[in-house]
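S.K.: There's a structure below that I have some questions on.
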Amino acid sequence: MLSLDETIEAVSQRLLGLDPGPLAELRRMEPDGIGTPIFWHLAAELGFRESQTKQWMQVVGILAILTPKSRLSPAVRLHDRFRKLGRVFCDGGDQAWPSDPQNPRPALSKTRFARLLATPAAQRGDALARIARMLARTRAPEVGINCTDIARLLLQTDDSLPLQNLARDYYRRLDPADRKATKEGTAE
């Protein structure tokens, strides 16, 4: 049996290899619906737990949203276990963030981030899908995201650790930029 990280790595690789049609089907897949043939191939191949079918549909759908539509370059990435999701929520996948050091605005505002943290587990998938759509528009395709973090948020709903890790990584990216902007603002 594969670990969660190995499963997510495999899903990510499969999604990057899909043609636009099946990828679009996965993006539109409803977690309460029947699912798509591609989803069921993944479920059979990778052994998704039957009791978590809805959550796996959400995970795969969100990863499909984040999969770059144009994959012409071999540098395109979806999953990168070293780029924590909370960090990407802050910098939008821009390693040079903040573009304006005087006013470091996170990609996902502090208010929207706080709302995500307070979202009940049953509604978290929809909230993450909306955020994924925003990230898909702004993220550089060469910058991967730790997609295992997404899976943990949806598969481990009884555990507060995935949310704590998300918050820790978001604020570890945001706070130094905020402090630097405040320090430079008071020096003038």
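The values are calculated or read from the model by the stated rules, or taken from the named source; none is laboratory data. None of the values given here were measured: they were computed from a predicted structure. Backbone-built Cβ (ideal geometry, glycine too); neighbour counts: all protein chains shown.
S.K.: State the number of residues belonging to the stretch 95-109 that are in contact (Cβ under 8 Å) with a residue 24 or more places away in the chain and more than 18 Å from Ile65 (Cα to Cα). Quick ask: steps written out before the conclusion?
M.R.: Step one: filter the stretch 95-109 for residues in contact (Cβ under 8 Å) with a residue 24 or more places away in the chain, giving 95, 97-98, 101-104, 106-108.
Right, trim to more than 18 Å from Ile65 (Cα to Cα) and you get 95, 97-98, 101-104, 106.
Residues meeting the conditions: 8.
S.K.: A further question follows. Taking the stretch 84-100 as the region of interest, how many residues are within 24 Å of Ala10 (Cα to Cα) and at pLDDT 95 or above?
M.R.: Number satisfying all stated conditions: 6.
S.K.: State yes or no: is Gln156 in contact with a Pro (Cβ under 6 Å, 6 or more places away or on another chain) and among the polar types (S, T, N, Q)?
M.R.: Values: in contact with a Pro (Cβ under 6 Å, 6 or more places away or on another chain): yes; among the polar types (S, T, N, Q): yes.
Taking the combined requirement at face value, the residue satisfies it.
S.K.: Please work out which one of (1) surrounded by 11 or more Cβ atoms within 10 Å (Cβ to Cβ); (2) assigned to a helix (DSSP H, G or I) is the condition Ala122 fails and give its number.
M.R.: If we test Ala122 against (1) surrounded by 11 or more Cβ atoms within 10 Å (Cβ to Cβ); (2) assigned to a helix (DSSP H, G or I), just (1) comes out false.
Here's the yes/no breakdown for (1) modelled with pLDDT of 95 or more; (2) of a type in the set (D, E, K, R); (3) under 22 Å from Leu135 (Cα atoms):
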position: Ile8; (1), (2), (3): yes, no, yes
position: Gly17; (1), (2), (3): no, no, yes
position: Asp32; (1), (2), (3): no, yes, no
position: Glu50; (1), (2), (3): no, yes, no
position: Lys54; (1), (2), (3): yes, yes, no
position: Met57; (1), (2), (3): yes, no, yes
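S.K.: Still on this structure, please answer the following. Working only within the stretch 125-163, note down all residues that are part of a loop (DSSP other than H, G, I, E, B) and farther than 21 Å from Leu16 by Cβ. Talk me through it step by step, then tell me what you get.
M.R.: Going through the stretch 125-163, the residues part of a loop (DSSP other than H, G, I, E, B) turn out to be 139-144, 146, 156-160.
Correct list: Gln156, Thr157, Asp158, Asp159, Ser160.
S.K.: Would you mind telling me which numbered condition in (1) surrounded by fewer than 21 Cβ atoms within 10 Å (Cβ to Cβ); (2) within 21 Å of Gly35 (Cα to Cα); (3) free of Cβ contacts under 8 Å to residues at least 40 places away in the same chain Arg133 fails?
M.R.: In the conditions (1) surrounded by fewer than 21 Cβ atoms within 10 Å (Cβ to Cβ); (2) within 21 Å of Gly35 (Cα to Cα); (3) free of Cβ contacts under 8 Å to residues at least 40 places away in the same chain, Arg133 misses (3) alone.
S.K.: Also: Can you tell me which residue among Asp178, Asp169, Asp100 is of a type in the set (Asp, Glu) and in contact with a helix residue (DSSP H, G or I) (Cβ under 8 Å, 6 or more places away or on another chain)?
M.R.: Just a single option satisfies the conditions, and that option is Asp169.
S.K.: Residue under question is Arg179, and the condition is that it be assigned to a helix (DSSP H, G or I), within 29 Å of Pro101 (Cα to Cα) and free of Cβ contacts under 8 Å to residues at least 60 places away in the same chain; does it hold? Reasoning before the result, please.
M.R.: Numbers: assigned to a helix (DSSP H, G or I): yes; within 29 Å of Pro101 (Cα to Cα): yes; free of Cβ contacts under 8 Å to residues at least 60 places away in the same chain: yes.
When the stated conditions are applied, Arg179 passes them.
S.K.: Could you tell me whether any residue of the stretch 163-174 is touching a Lys or Arg at 6+ places or on another chain (Cβ under 8 Å), under 17 Å from Gly61 (Cα atoms) and modelled with pLDDT of 85 or more?
M.R.: No - not one qualifying residue is present in the stretch 163-174.
S.K.: Further, regarding this structure: Just name the residue that is nearest to Gln55 (Cα to Cα) out of those in the stretch 129-188 that are under 14 Å from the mean Cα position of the chain (by Cα) and of a type in the set (Val, Ile, Thr).
M.R.: Initially, the stretch 129-188 is screened for residues under 14 Å from the mean Cα position of the chain (by Cα), giving 129-141, 143-155, 162-163, 165-167, 169-170.
With of a type in the set (Val, Ile, Thr) added as a condition, the list becomes 131, 138, 143, 145, 148, 150.
Working: Ile131: 17, Thr138: 25, Val143: 25, Ile145: 19, Thr148: 13, Ile150: 11 Å.
Ranking the qualifying residues of the stretch 129-188, first place goes to Ile150.
S.K.: Quick test of your reading of the structure: Arg152 fulfils all but one of (1) surrounded by fewer than 19 Cβ atoms within 10 Å (Cβ to Cβ); (2) in contact (Cβ under 8 Å) with a residue 40 or more places away in the chain; (3) in contact with a helix residue (DSSP H, G or I) (Cβ under 8 Å, 6 or more places away or on another chain). Name the failing condition by number.
M.R.: (1)
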